[in-house]
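S.K.: Got a structure here, written out as structure tokens. Questions coming.
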Amino acid sequence: ENECDVICIVRGGGDPESLVQFSQPELLEAIIHSNIPVIPGIGHTDDVLLCKKVAFYPARTPTDAANFINTQNNRKKKVEHSKFFNAQMKQGEENLSNLKEKYEEATAKVEELQQEIEQLNIKIAYLTQENQEKQAEPVKKSLLARIFRL
């Protein structure tokens, strides 16, 4: 069990006597109790077999069974693809949301740093002005310089 997705019982047409084995009670019971879907594709379209009556899908012929399985497989792939695509979209949306959040944080940090730069520029201007004022003051000579007129 759980090693396959479906069990197919297929056989081409034949006389009614050779197809009787597909209506045996043991086979019918096994089909009914199977946890895995059973698809019999036996005989021709007009063959009436009990195994077709109790099966998951009563395929009319082996080709009909193959077509049914292909259709179901394609649907399953579409669903899986859709789930994958939706998961990728959700991940993309989460990534975009994270990027927006990081952008807003970075913008706030830039504004913070610009304010700090403005404050530092004000301090630099103040210190520069203070320095210029000190340089403009007359130099006071020391006592020795005044005595020896240096």
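S.K.: Are any residues in region 7-44 in a strand (DSSP E or B) and within 41 Å of the chain's Cα centre (by Cα), and if so, which ones?
M.R.: Scanning region 7-44 gives Ile7, Cys8, Ile9, Val10, Val38, Ile39, Pro40, Gly41.
S.K.: Residues in region 45-55: is at least one surrounded by fewer than 10 Cβ atoms within 10 Å (Cβ to Cβ) and not in a helix (DSSP H, G or I)?
M.R.: The answer is yes, given that some residue of region 45-55 is surrounded by fewer than 10 Cβ atoms within 10 Å (Cβ to Cβ) and not in a helix (DSSP H, G or I).
S.K.: Among the residues of region 78-91, is there at least one that is touching a Phe, Trp or Tyr at 6+ places or on another chain (Cβ under 9 Å) and either buried (at least 16 other Cβ atoms within 10 Å of the Cβ) or modelled with pLDDT of 85 or more (or both)?
M.R.: No: region 78-91 contains no residue that is touching a Phe, Trp or Tyr at 6+ places or on another chain (Cβ under 9 Å) and either buried (at least 16 other Cβ atoms within 10 Å of the Cβ) or modelled with pLDDT of 85 or more (or both).
S.K.: Still on this structure: Within region 1-35, track down each residue that is touching a Cys at 6+ places or on another chain (Cβ under 9 Å) and either free of Cβ contacts under 8 Å to residues at least 40 places away in the same chain or open to solvent by 50 Å² or more (accessible area, probe 1.4 Å) (or both).
M.R.: Phe22, Ser23, Gln24, Leu27, Leu28, Ile31
The values are calculated or read from the model by the stated rules, or taken from the named source; none is laboratory data. Source: prediction; values computed, not measured. Please note: Cβ atoms are built from the backbone with ideal geometry, for glycine as well, and neighbour counts cover all protein chains shown. Note: areas computed on protein heavy atoms with side chains; ligands, DNA, RNA excluded. Shrake-Rupley method; radii C 1.70, N 1.55, O 1.52, S 1.80 Å.
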